[in-house]
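The values are calculated or read from the model by the stated rules, or taken from the named source; none is laboratory data. Note that this is a predicted model, so its numbers are computed, not measured. When we count neighbours, we look across all protein chains shown, and the Cβ atoms used for this are built from the backbone with ideal geometry, even at glycine. Surface accessibility is based on the protein's heavy atoms, side chains included, excluding ligands, DNA and RNA. Shrake-Rupley method; radii C 1.70, N 1.55, O 1.52, S 1.80 Å.
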Amino acid sequence: QVRFVESGGGSVQPGGSLRLSCVASGSFSIFAMGWYRQAPGKQRESVATITPSGTTNYADSVKGRFTISRDNAKNTMYLQMNSLKPEDTAVYYCMRKIYEGLDYWGQGTQVIVSS
């Protein structure tokens, strides 16, 4: 099974930026992919998705601030996060979109936005 490792999280002030990376252990060029997040005490939610051809979709809460992208040659997906808000604080995960309803998650990467 292809596994994914997230990185790039950290602690930033409101209005700051972070770039998250998701590296796959194998080829993922044929997979629709997504970034998901889970805040303490809350349900995991979809942040952004991207098809193999590059078509993207975003949660309303992050539109205009986040950009999902992928480099299939590098088996890597990215989430550029700008204008971060405290409500963006969560653990962020990457996953194949079709597995988003399953309990198949990796370690994630923590994002903390606070002043």
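Under the rule of at least 5 residues apart or a separate chain, name every residue whose amide H is placed under 5 Å from the amide H of Thr89. Residues meeting the amide H criterion: Val113.
Annotation: Lys42 carries an accessible surface of approximately 140 Å², with a 1.4 Å probe and no ligand, DNA or RNA atoms counted. Annotation: Asp60 carries an accessible surface of approximately 130 Å², with a 1.4 Å probe and no ligand, DNA or RNA atoms counted.
Taking every Cα-Cα distance in region 65-115 and sorting them into 10 Å bins starting at zero, the pair-distance distribution P(r) comes out as 20, 47, 31, 3 percent. Calculated translational diffusion coefficient of the chain (4 °C, 1.567 mPa s; Stokes-Einstein with Kirkwood radius over alpha-carbon pairs) equals 93 µm²/s.
Positive contributions from Lys and Arg (+1) and negative ones from Asp and Glu (-1), summed over other residues with Cβ under 11 Å from the Cβ of Phe31, come out at +3. For the chain, the fraction of 1.4 Å probe accessible surface lying on carbon and sulfur atoms is 47 percent.
If all Cα-Cα distances of region 14-67 are sorted into 5 Å bins from 0 onward, what percent lands in each bin, rounded to whole numbers? Per 5 Å bin, starting at zero, the Cα-Cα P(r) for region 14-67 comes out as 4, 15, 23, 27, 19, 9, 3, 0 percent.
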